[in-house]
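Accompanying notes for the structure given below.
The values are calculated or read from the model by the stated rules, or taken from the named source; none is laboratory data. Because the structure is a prediction, the values reported are computed rather than measured. Neighbour counts are summed over all protein chains in view; Cβ atoms, including those assigned to glycine, are modelled from backbone coordinates with ideal geometry.
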Amino acid sequence: MPLHGARPVGYLRARLSPPAKSLMPDFAIPEQVRPEDSHVGRRQPRIEDRSLLRGEGGFVDDVPVKKGTLHAAFVRSPHAHAEIVAIDASAALAMPGVFAVVTGTDMAAETDPMIVGFENPIDYYGLAVDKVRYVGEPVVAVAATDRYRAEDAADLIKVTYNVLPATVDPVAACAPDAPILHPRSDSNCVSKRHFVHGDPDTAFAEAERTTDLTIRYPRNSITPMETYAVVAEASSETGGFDVLSNFQGPFSVHTVMALALRIRTAALRHRSPKNSGGSFGSKLVIFPYIVVLCVLARKARRPVKWIEDRLEHLSASSVAPNRVTKVEAAYRSDGTVTGLRLTHWDDHGAYLRAPMPAPIYRMHGVSTNGYFIRHLEVTNHIVMTNKCPTGAVRGFGGPQLYFAVERMMQRVAVLTGQDPLAVIRRNLIAADQFPYKAIAGSLLDSGDYRRTVDEAVEQGDLAALKKRRDAARAEGRLYGIGYAACVEPSQSNMGYISTVKTGLERERAGPKDGAVASVTVSVDALGSVNVIGDSVPQGQGHQTALAQIVADRLGLTPDDVVVALDTDTAKDGWSIAAGNYSCRFAPASASAAHQAATRVREKMARIAAANLNVPVAEVEFTDGKIHAANNPDNAIPFYRIGGLAHWSPSSLPDDVEPGIRETAMWNAPELTPTTAKDEINTSLAYGFGFDFCGVEVDPATGVVTVDQYVSAHDCGTILNPGLAEGQIRGSWASAYGATFLEEFRYEDDGTFRSGTFAEYLVPTAAELPEIRLVHPTPHPSPYTRLGAKGIAEGNQYTTPVCVANAVADALGVEDIELPLKPARVLAWMEADEPPPSAAVAPDGEAGEPGRPTIDGSGEMQVPAPPQQVWAMLLDPERMARIVPGCERLEAAGDNSFTGAVVLGAGPVRGRFEARIDLTDLEAPRRARLVGAADGPLGSSRGSGEFELVAQDGGTLVRYRYAVELSGKVAAVGGRMVRGAARQLIDRFLRSLIREAGGNAEPEAAGGLSGRLKRLVGGRA
Amino acid sequence: MKPAPFDYVRADSVEEAVSVLAEHGDEARVLAGGQSLMPMLNMRLVRPEVLVDIGGLPELAHIEDEGDTVAVGAAVTQGDLADWPELGTALPVVAAALPHVGHFQTRNRGTVCGSICHADPSSELPLCLALLGGEVELHSAHGVRTVPADEFQRGVLTTAKEPDELAVRARLPKAQDGERFAFLEFQHRHGDFAVVAVAAKRSGDSVSLAVGGVADRPEVCRWDTLPGDAVEDALNDLAWTLGGGDDIHATARHRRQLVRHLGKRAIDATAADGAGA
């Protein structure tokens, strides 16, 4: 897999010859058309693809904007944590083409903090106010006539910072001595809730056995092709704003924006275009940018457009919270788990943005997964750290939870000496227990989990996989099998977020529940059918599925139905749950479409009944005709009845209104508020997934290769097998990334390392192993109109922990941390590394993981006595000649210098404002330097020591340095900064030698060539 | 991600390109395929006053078989070289390495000399140049000079090319009878910069191994003789000598392990009975 050396020579010519066989996998999910439908259940090709595959999609950037529209750019923080001392935008404002600059101070004056679902100590305005709290945080927004000028202007804005210590680990951030992010709180743990369901104390006290495991789930996201895009304009008519963006919902956040902007909600007109280039949750927290852009547009008195670039997206848009979980299980020696304790530290980065901290509460009701466990204790710490704030990411709290629970099931199997599959089966809820009220409140609607497992084992041929494992192990290879089960929630209860509040706080705030979905179906004067809805698709194929559903209700074909899913809050039917998230479409939007189309059908049936002279109950819709059920010849074309409602209202039955336009606002009564005992039915429908896989670990490289992966998902009624399969395969791809490659890396001081796609690695088609899909017997939901449940998130839940369990099985280790980078896996194998022979001194400059520091040491002979070298080092004029790239250097008090230097490696260079202080002076023997440099490329803090020793008529300079680098170069140049720093130090020292009158020809690569020659020479 | 302002000159000849470089020196950058330069420009990591575009110069678009060497002009793309029919026999190690250089889309724009001049410590083409002991021909207003590979790449993104010089061609020695080569690399995804890349050459008793991705530039170790039972110890010492640090893609220890593992496989593959790479 990642080791690509073994490619056959034929690969070279691969691009010239077609592949031997089609790369398209066979479809795994069969068509299944129910008797009452003719299109739902079919593999209807996607209507969307007619335009998307021709490059005719309509994304925000395709929408024409008004003449004079400006473009925005942001000044962003290079620091993880710092006070903002001053912002000077005068040079930017003086630039031609620059219209407005907005700072955090402006935001605090003109807007209110953006609210979150519970009382908290955080004032969040979209731009940093007084302090920055993560690398990449927007500090200043600037609007200019084009993006180039806007970025030029942003470069001219000078922000002065006072750097503060940062905290990045969610557990350490809760310690009393941790740096505090938000001054209104004395702890970075801004919410702690403790839940007891059943009697966990007794369950643990009386347990035959107990065990615990601590897991650390990494920080990742799923990165859409299209980034954030906003066009905002102030409206004189309403005093509000008109906004076009690719915001994905939930539209509850529309109220958050309007409140922040201090306007009526109706005066915030938000439109979303026809297409959105993927989101996977990320386009929820575009809303702070919308608020900032509105303020910027009002100040500039022109519309302002902003397309987020990839650097901005990766450092500062939205990530899933990383989480530390201590999971404890009480269990019997037969593997039956009787109690579970979960202590979560959920790391939300620098700010909470609505609806955070939702992910952990969205999964609360299913904390026991699909298992019959009646005693549960959960403690949730919501923690602030100096990292990018969080948002929605496909899976929304599930990957973190299930990683803990399913790793524990594997541990229980190991500790009881059983097959993990047997432990999973034993604990699963039985078929006759549905609908099953989980102990934390989820009402699991339908399923037969053991049957799904059995079907996956049978059809996925686990027996053959076990043989492959046994054969591999017989050869001494490291092979393991992993299993994972998951309950897949869909259609979130808008009330679950209130579980973060105490019962008393909930009582004060009033009830919150439900998840209203809206679809409008209309029939025009010539009988054409139009559908609009609030599902805000991002590529999933909603148009196709809605056309199938409505066509079935009205006896038409999907091609007879035109579905328009761009949205306009001023004109559409919508409620707070509108949007595209948490597998909402299949249960909610599909039900709303079914309901709206049914109302249209009922109305048309009444009009037709009068024309056909039959009772309404006997009217049927088939093949574009409306006819009597028992006499198909007694028929009237669909378009005639549609037309009648428009052309001749007087011919309609007395109680029928003219026109045909029905809006369904669909909700399910099962979505009730959090109870006084903190039980919450977090979602409406719950699918079930079960995966198993075989992996092999290469002991030489640490590479984990997926040998086979089998995945089964019961999502009830399948609306369109092609769309469902697309979701499973897509989820597999993103889950594969989370498992093997994707992680936002921060150093201990908050330095951000994953600024581009060369650092944040996303799997491509070349990395993805084939997945074997099993289609188990479906168990439709009794609570949704078509019995459909969500299917888009299943592999986010199962894949990371299924693979982790397989690696644990292969290596016999307990602590598995994602992503499975080979270097990490190699360390788990604990093989002793051969030491170097005596002739070879190890390079002393290898760093330690988690340390942001570039450090080194060395010595060099300078041909001048110590007194003279000392004088040089303290003389700004001579130092200006010695320091590479020095443009200016002046004394700033005793033993302090300020200046400007151009630093870099090769063509990568930036001008830095620098300050150096010499301390602990012992003339002419030693001193300590402390320095700082700031510029557009980033920010650097460093210290060093040097010692001058008289030797051979000259001076031996011994030096040590440690440099920390944050900001842009640290985020995008991680591979090379260490070497670049070495190079700079080397240049400085050689320049020092030359200044002292010596001859110091630069030696390539820090003298390594010499060491290599000695290495070979010693051997020859 | 928009570049700072710059002037753009599309050179009509090497002379013109060289004269622009003579005029602007360090403030000018040469643009050929742009696969490294354009992202750096857009990220404002590089802010030249002038870009000199040599990508369209026909005089630089040639691959020439010079007998013992192959001269690759500065406008020859990595894709052009991969498609050169003689590549497999003339430069088998380059043929093996090229599929690892980015993706075929980037190879269709990125040039061979551009990659060599960019001097990324993990790049495959500088590694091949180092292993083969090739050279780079530099032109300036002062004349022409040729710099051997060992002296050309000096460190991270840094070469011996002066600001007023244009790399006009790279020369790569052709495989001689009896020489055997291998190339292997470890990367997280196909097309990524190598975590560790190795290229091996066996000529008679002597074995050379070039290692990229570890030190600040590709380093070549040449053993006059390297019996099979000495390979592992030799590679272990090499791994410790090269050093290498931790970054977000790998640890120093992982890199040492990869030097030992890939080095062994590559050297074994060059043995007379080896399978080749």
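Just one of A:773, A:768 is under 29 Å from the mean Cα position of the chain (by Cα) and free of Cβ contacts under 8 Å to residues at least 60 places away in the same chain; which is it?
Exactly one of A:773, A:768 is under 29 Å from the mean Cα position of the chain (by Cα) and free of Cβ contacts under 8 Å to residues at least 60 places away in the same chain, namely A:768.
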*Restricting attention to segment B:22-44, and to residues there that are hydrophobic (A, V, I, L, M, F, W, C) and away from chain A (no Cβ under 13 Å), which single residue is surrounded by the fewest Cβ atoms within 10 Å (Cβ to Cβ)?*
B:22
_Number of the condition not met by residue A:994 [criteria: (1) part of a helix (DSSP H, G or I); (2) in contact with a strand residue (DSSP E or B) (Cβ under 7 Å, 6 or more places away or on another chain); (3) free of Cβ contacts under 8 Å to residues at least 40 places away in the same chain; (4) farther than 30 Å from residue B:211 by Cβ]_ = (2)
*Limited to segment B:45-78, what total is found for residues that are within 10 Å of chain A (Cβ to nearest Cβ) and touching a strand residue (DSSP E or B) at 6+ places or on another chain (Cβ under 7 Å)?*
3
*With the condition kept exactly as written, say whether any residue in segment A:890-897 is touching a Gly at 6+ places or on another chain (Cβ under 7 Å) and closer than 21 Å to residue A:959 by Cα.*
no
*Out of all the residues in segment B:108-146, which are farther than 24 Å from residue B:269 by Cβ and within 11 Å of another protein chain (Cβ to nearest Cβ)?*
B:108, B:117, B:118, B:119, B:120
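Quick one: which of A:735, A:724 is within 16 Å of the chain's Cα centre (by Cα) and more than 14 Å from chain B (Cβ to nearest Cβ)?
On the way: A:724 fails: within 16 Å of the chain's Cα centre (by Cα).
Testing whether each residue is within 16 Å of the chain's Cα centre (by Cα) and more than 14 Å from chain B (Cβ to nearest Cβ) leaves just A:735.
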*Give just the number: which of (1) surrounded by fewer than 17 Cβ atoms within 10 Å (Cβ to Cβ); (2) in contact (Cβ under 8 Å) with a residue 40 or more places away in the chain; (3) among the small types (Gly, Ala, Ser) does residue A:431 not satisfy?*
(2)
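If I filter segment B:12-21 down to residues being out of contact with any strand residue (DSSP E or B) (no Cβ under 8 Å at 6 or more places or on another chain) and in a helix (DSSP H, G or I), which single residue comes out as surrounded by the fewest Cβ atoms within 10 Å (Cβ to Cβ)?
B:15
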*Consider residue A:653 against the criteria (1) surrounded by 14 or more Cβ atoms within 10 Å (Cβ to Cβ); (2) more than 51 Å from the chain's Cα centre (by Cα): it satisfies all of them except one. Which criterion is unmet?*
(1)
*Sole residue being within 27 Å of residue A:909 (Cβ to Cβ) and either in contact (Cβ under 8 Å) with a residue 60 or more places away in the chain or among the polar types (S, T, N, Q) (or both), chosen from B:182, B:167, B:199*: B:167
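Could you check how many residues of segment A:462-493 are in contact (Cβ under 8 Å) with a residue 24 or more places away in the chain and within 25 Å of residue A:403 (Cα to Cα)? Walk me through how you get there before you give the answer.
We begin by selecting, within segment A:462-493, every residue in contact (Cβ under 8 Å) with a residue 24 or more places away in the chain; these are A:462, A:465, A:468-469, A:472, A:477-493.
Next cut, within 25 Å of residue A:403 (Cα to Cα) only: A:462, A:465, A:469, A:478-493.
Of the residues in that region, 19 qualify.
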*Looking at residue A:446, is it in a loop (DSSP other than H, G, I, E, B) and of a type in the set (S, T, N, Q)?*
yes
*With a cut-off of at least 1 residues that are more than 21 Å from residue A:595 (Cα to Cα) and of a type outside the set (Phe, Trp, Tyr), name the strands (runs of 3 or more DSSP E) lying wholly within segment A:618-706.*
A:625-628, A:631-637, A:683-697
*Of all the residues that make up segment B:176-199, how many are part of a strand (DSSP E or B) and within 11 Å of chain A (Cβ to nearest Cβ)?*
9
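Table: residues versus (1) modelled with pLDDT under 95; (2) within 16 Å of the chain's Cα centre (by Cα); (3) crowded, with 21+ Cβ neighbours inside 10 Å.
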{"residue": "B:152", "(1), (2), (3)": "no, yes, yes"}
{"residue": "B:164", "(1), (2), (3)": "no, no, no"}
{"residue": "B:167", "(1), (2), (3)": "no, yes, yes"}
{"residue": "B:173", "(1), (2), (3)": "no, yes, no"}
{"residue": "B:206", "(1), (2), (3)": "no, no, no"}
{"residue": "B:219", "(1), (2), (3)": "no, yes, yes"}
{"residue": "B:222", "(1), (2), (3)": "no, no, no"}
{"residue": "B:229", "(1), (2), (3)": "yes, no, no"}
*Subset of segment A:306-343 [assigned to a strand (DSSP E or B), surrounded by fewer than 24 Cβ atoms within 10 Å (Cβ to Cβ) and within 14 Å of another protein chain (Cβ to nearest Cβ)]*: A:307
_Go through (1) out of contact with any strand residue (DSSP E or B) (no Cβ under 9 Å at 6 or more places or on another chain); (2) facing another protein chain (nearest Cβ under 7 Å); (3) charged (D, E, K, R) for residue B:224 and report which single condition fails._
(1)
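I'm trying to understand the selection: among the residues of segment A:123-147, which are assigned to a loop (DSSP other than H, G, I, E, B) and in contact with a Phe, Trp or Tyr (Cβ under 6 Å, 6 or more places away or on another chain)? If you could, list the steps in order and put the result at the bottom.
Going through segment A:123-147, the residues assigned to a loop (DSSP other than H, G, I, E, B) turn out to be A:123-130, A:133-137, A:145-146.
Within segment A:123-147, A:124, A:135 meet the criteria.
Is it fair to say residue A:816 is over 24 Å from residue B:248 (Cα atoms), away from every other protein chain (no Cβ under 13 Å) and aliphatic (A, V, I, L, M)?
Working: over 24 Å from residue B:248 (Cα atoms): no; away from every other protein chain (no Cβ under 13 Å): yes; aliphatic (A, V, I, L, M): yes.
When the stated conditions are applied, residue A:816 does not pass them.
Which residue out of A:154, A:150, A:109 is surrounded by fewer than 18 Cβ atoms within 10 Å (Cβ to Cβ), at pLDDT 95 or above and either assigned to a helix (DSSP H, G or I) or touching a Leu at 6+ places or on another chain (Cβ under 9 Å) (or both)?
On the way: A:154 fails: surrounded by fewer than 18 Cβ atoms within 10 Å (Cβ to Cβ); A:150 fails: surrounded by fewer than 18 Cβ atoms within 10 Å (Cβ to Cβ).
Answer to the selection: A:109.
For every residue, the table says whether it meets (1) within 11 Å of chain B (Cβ to nearest Cβ); (2) over 27 Å from residue A:159 (Cα atoms).
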| residue | (1), (2) |
| --- | --- |
| A:930 | no, no |
| A:941 | no, no |
| A:945 | no, yes |
| A:978 | yes, no |
| A:995 | no, yes |
| A:1012 | yes, yes |
_Number of the exception - residue A:812 against (1) in contact with a Phe, Trp or Tyr (Cβ under 8 Å, 6 or more places away or on another chain); (2) surrounded by fewer than 22 Cβ atoms within 10 Å (Cβ to Cβ)_ = (1)
